[in-house]
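Visitor: This is the structure I have questions about; it appears just below.
The values are calculated or read from the model by the stated rules, or taken from the named source; none is laboratory data. Keep in mind the model is a prediction, meaning the values are calculated, not measured. Ideal geometry is used to build each Cβ from the backbone, glycine not excepted, and the neighbour counts take in all protein chains shown. Heavy atoms of the whole protein, side chains included, go into the accessibility calculation; ligands, DNA and RNA do not. Shrake-Rupley method; radii C 1.70, N 1.55, O 1.52, S 1.80 Å.
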Amino acid sequence: MKEKINLPYSHMCNFDALYHAHIKARSCKRCKKPIVKFEFDLCYHLRELAHELETKKYKISGYHRFTVFEPKRRQIQSLLYRDRVVQHVICDDYISQYFSKRAIYDNSACRIGKGQVFALNRMKKFLRSHYNKYGAKGYFLKCDILKYFPSLSHRVIKERFSPCFADPDMRDLFNYIIDSHQTKEEFLDRYGIPRTIVADNGYGKVKEFPIVRGVPIGNQTSQIIGMYYLDPVDRLIKEKLRIKYYSRYMDDFILIHHSKEYLQYCFKEIKKMLEEKLLLKLNDKTQIAPLKNGIPYLGWNLYLLQDGKILMKVRKSTLKRFRSRVKFINKYHNTPIIDKYRILCILNSYRGYLKLGNSFRSYQSIIKLVKTATLKDRIIDVDKKLLED
């Protein structure tokens with residue numbers, strides 16, 4: 001019998017559990033107005049939340065919707081702070097560890113000890129191993145899901161995630177959170193995402209059934225769902241297709257193989273599973289290409305050279321975003337819009353990111369754009385200390 005999440009629903013109503021979730025939820029955001037208001041009468045708000053959960057009267061207060069444009073245009077649906085506290089209890093105490101330990105090793109998103117740097121280092125390791133066996137010749141299959149979070153099927157999520165809860169009350173709460181948001185039909189039609197599926201109605205007749213899609217990008221539960229939703233594809237690639245060099249970060253995944261024909265077969269199998277079982281579509285970024293062209297992955301291009309060396313160059317689109325941000329800093333550095341500490345944090349984060357690969361000149365070009373002399377001197381001093389160490 002499959003092991004289930006045995007933590008009872010009563011844990012959700014526990015004041016201590018909600019308080020610890022609040023401590024995590026407020027991290028690095030304590031100065032924001034909603035959190036200040038929540039903490040002003042903390043005991044009252046937590047006891048009210050515990051009472052609502054205990055009496056099964058808890059309702060999500062609604063979503064605040066806004067659009068971000070970096071690294072690309074996305075609509076974000078953000079919960080009110082009290083609902084984020086509930087999300088922390090569900091994720092941290094119930095589902096995070098449960099699904100993380102059931103995912104494959106090279107599923108890198110939203111897991112403790114992993115992330116983008118882990119995925120990039122694994123990809124470098126795969127390229128070295130491939131070179132030792134087959135040389136610099138070979139191919140890669142890059143797959144990307146069309147509008148991943150807005151396309152996730154509620155029915156598939158409930159079938160795969162809900163049975164993992166031993167407590168039926170916990171299962172009902174999880175299903176309620178899933179049903180609290182769905183993607184608008186106009187959005188699905190704009191990108192050609194099917195709103196119905198043709199299937200047997202159970203009486204020997206074929207009928208069209210509607211597909212309810214979409215999980216909010218701003219929800220913490222959505223990150224865990226997104227991490228594990230494609231696990232059947234991971235199992236197909238690793239266990240049936242036997243692809244040794246495979247890495248996935250959320251909906252972005254790469255397969256490396258010496259045979260182009262075999263990757264074409266893999267592509268057909270992956271597409272079939274995505275469309276028939278997970279009700280998803282691949283987008284136009286999906287491609288099979290030679291390794292010499294460079295693997296586009298997580299904002300970088302990784303090249304396997306003829307002598308076996310691996311060159312990791314930052315993508316032009318990523319560099320363009322960094323430069324536009326520096327121009328913004330130059331314009332507003334002497335105004336209250338952005339303080340000097342925040343500017344240093346931004347520039348230091350760019351330095352740390354670009355030093356992951358072979359992008360020293362790109363880093364130097366960004367530093368040259370900084371017009372504030374004091375900031376530039378402080379950054380250069382940090383670089384000199386790092387070189388001395």
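Visitor: If you take just the helices (runs of 4 or more DSSP H) that sit entirely in the stretch 119-220, which of them hold at least 2 residues that are among the β-branched types (Val, Ile, Thr), open to solvent by less than 10 Å² (accessible area, probe 1.4 Å) and closer than 18 Å to Leu274 by Cβ?
Guide: Passing ranges, in order: 154-161.
Visitor: For the stretch 43-51, does any single residue satisfy the condition of being farther than 22 Å from Tyr176 by Cβ and open to solvent by less than 70 Å² (accessible area, probe 1.4 Å)?
Guide: Checked against the condition, which is being farther than 22 Å from Tyr176 by Cβ and open to solvent by less than 70 Å² (accessible area, probe 1.4 Å), the stretch 43-51 yields no hits at all.
Visitor: Let me ask something else. Might you let me know whether the stretch 105-117 holds any residue that is over 18 Å from the mean Cα position of the chain (by Cα) and hydroxyl-bearing (Ser, Thr, Tyr)?
Guide: no
Visitor: Kindly indicate whether any position in the stretch 65-87 is more than 23 Å from Ile5 (Cβ to Cβ), open to solvent by 80 Å² or more (accessible area, probe 1.4 Å) and part of a helix (DSSP H, G or I).
Guide: No, because not a single residue in the stretch 65-87 is more than 23 Å from Ile5 (Cβ to Cβ), open to solvent by 80 Å² or more (accessible area, probe 1.4 Å) and part of a helix (DSSP H, G or I).
Visitor: Now, a different point. Checking Lys285 against (1) loosely packed, with under 14 Cβ neighbours inside 10 Å; (2) part of a helix (DSSP H, G or I); (3) of a type outside the set (Val, Ile, Thr); (4) in contact with a Pro (Cβ under 9 Å, 6 or more places away or on another chain), which single condition isn't satisfied?
Guide: Checking Lys285 against (1) loosely packed, with under 14 Cβ neighbours inside 10 Å; (2) part of a helix (DSSP H, G or I); (3) of a type outside the set (Val, Ile, Thr); (4) in contact with a Pro (Cβ under 9 Å, 6 or more places away or on another chain), the one that fails is (2).
Visitor: State whether one or more residues within the stretch 224-240 are open to solvent by less than 10 Å² (accessible area, probe 1.4 Å) and within 18 Å of Gly138 (Cβ to Cβ).
Guide: Yes.
Visitor: Here's something else I'd like to know. For the stretch 8-20, which positions are open to solvent by less than 80 Å² (accessible area, probe 1.4 Å) and over 26 Å from the mean Cα position of the chain (by Cα)?
Guide: Pro8, Tyr9, Ser10, His11, Cys13, Asn14, Phe15
Visitor: I'd like to check something: does the stretch 30-39 contain any residue that is out of contact with any helix residue (DSSP H, G or I) (no Cβ under 6 Å at 6 or more places or on another chain), under 30 Å from Arg242 (Cα atoms) and not acidic (Asp, Glu)?
Guide: No, the conditions are met nowhere in the stretch 30-39.
Visitor: Are any of the residues in the stretch 316-327 assigned to a strand (DSSP E or B) and more than 23 Å from the chain's Cα centre (by Cα)?
Guide: There is no residue in the stretch 316-327 that is assigned to a strand (DSSP E or B) and more than 23 Å from the chain's Cα centre (by Cα).
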